[in-house]
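Working notes for the structure below.
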Amino acid sequence: MKTLSAGMLTHLAQDTTTLATGCKITRMDGTVYGFTDHDVNVALNADGLGTITYYSVDGFSRTALDTTEGVAADNSDLQFIFDDDRVTDEDLLAGLFLRAEVKFFWFNWTDPAMAVIKGLRGFLGEVTLNRDTYVFQMQSLASLLSQDMGEVYTPDCRAVLGDNRCQVVLAIPAWTATTAYSATSLYVQGTRVVALGGASPLRQFRCITAGTSGATEPTWNTTLGAFTSDGTVAWITERAFQVPCTVDTLVAAAYGDTHVQQFTVTPTLADFVPVPTGGSNYFTGGRVLWLTGDNAGLGVEVKSFDAATSAITLFLPMWDDIQVGDTLTLEVGCDKLRDTCHNKFFNIVNMRGEPFLPGLEEFLRFPDVPG
């Protein structure tokens, strides 16, 4: 049951109404969009969270809105189409609209100050690009009840590198003077820092002896596995989790692709070899975060990394062309294995996997019968 204002009830009782549809989209990063099927832009506060402009877009349309009783998902196949310069293909491909909140409502365009009629509320799901328009599938709030809430046991880690379960810090803070730092132990990762001013961009330093840093920055020993004394703190040198890079050369696109997805970078990353030896490549499964160029602000997963040539291959080509000189942040990858968690991140206590769980072959094994 919906509660309507007295003014709206009076308006609905008339023979002719002047209602228009509004749609508010709020992305996970807080960016807000407003659209309406009215023929002019309208500014109003539809949900009590502040006044925004709802833009009249020629390509805006929607399927019928309906709600039902019970916990069944409403309009799980709801779609709406709009064409707006503020919604770009790059944003869609970057996943910026994934799980964005959507609110539909109706308002009296002759009196926008009148309280609105609240409609369906939910989240954006699958998106399809059709030339100059975008077709979104909307999922109602009730669709959350149909999702699996638990987890299954797996030998590999179920956490995402850097999330609140994994707890590995990827964006390492810079060293600070006279600061207490914790050391690595069986149950604690240990604090990591990087040199001030971007010095030694290929290295980070992990605290192995807890204490308080000195009044001035130490002279860092950048040899892998070497130690640096700093006040009462001792640091060990590691490979950086995030490395600032610049595109050096482009490798020609293959298999009919129109965009390059393989390139080499500077600085040279020759010592970013598999850790431990024989394990996964250091940046395989990681991310490239573009800082400048036509793809600035976008990120994409790394398919493979060749330490010998500093060559990076992306899982998918970028939407816009990669140019020599584009800058990026190259982020470490994780293959979810126990040895990687222990030897690469020193984070085995937070691993969300069961590597010693018996596999299917153990369940199907029969006891030996004496002859």
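Screening Val247 on (1) outside the structural domain of Thr327 (by TED's automatic domain parsing); (2) surrounded by 15 or more Cβ atoms within 10 Å (Cβ to Cβ); (3) not charged (D, E, K, R) shows it passes everything except condition (1).
Residues of region 166-197 that are of a type in the set (A, V, I, L, M, F, W, C) and over 17 Å from Ile348 (Cβ atoms): Leu170, Ala171, Ile172, Ala174, Trp175, Ala177, Ala180, Val193, Val194, Ala195, Leu196. Mind listing whichever residues of region 149-166 are hydroxyl-bearing (Ser, Thr, Tyr) and surrounded by 13 or more Cβ atoms within 10 Å (Cβ to Cβ)? Listed by number, the list holds a single entry, Thr154.
Only one of the numbered conditions (1) modelled with pLDDT of 90 or more; (2) outside any strand (DSSP E or B); (3) buried (at least 20 other Cβ atoms within 10 Å of the Cβ) is not met by Thr268, and that is (3). The set of residues from region 247-261 being closer than 20 Å to Gly333 by Cβ and modelled with pLDDT of 90 or more comprises just one member, Val247.
Could you tell me whether any residue of region 182-203 is in contact with a Gly (Cβ under 6 Å, 6 or more places away or on another chain) and modelled with pLDDT under 90? For region 182-203, residues in contact with a Gly (Cβ under 6 Å, 6 or more places away or on another chain) and modelled with pLDDT under 90: present.
The values are calculated or read from the model by the stated rules, or taken from the named source; none is laboratory data. Predicted, not measured: the structure shown is a model, and the values here were computed from it. Here the Cβ is made from the backbone with ideal geometry for all residues, glycine too, and neighbour counts use every protein chain on show.
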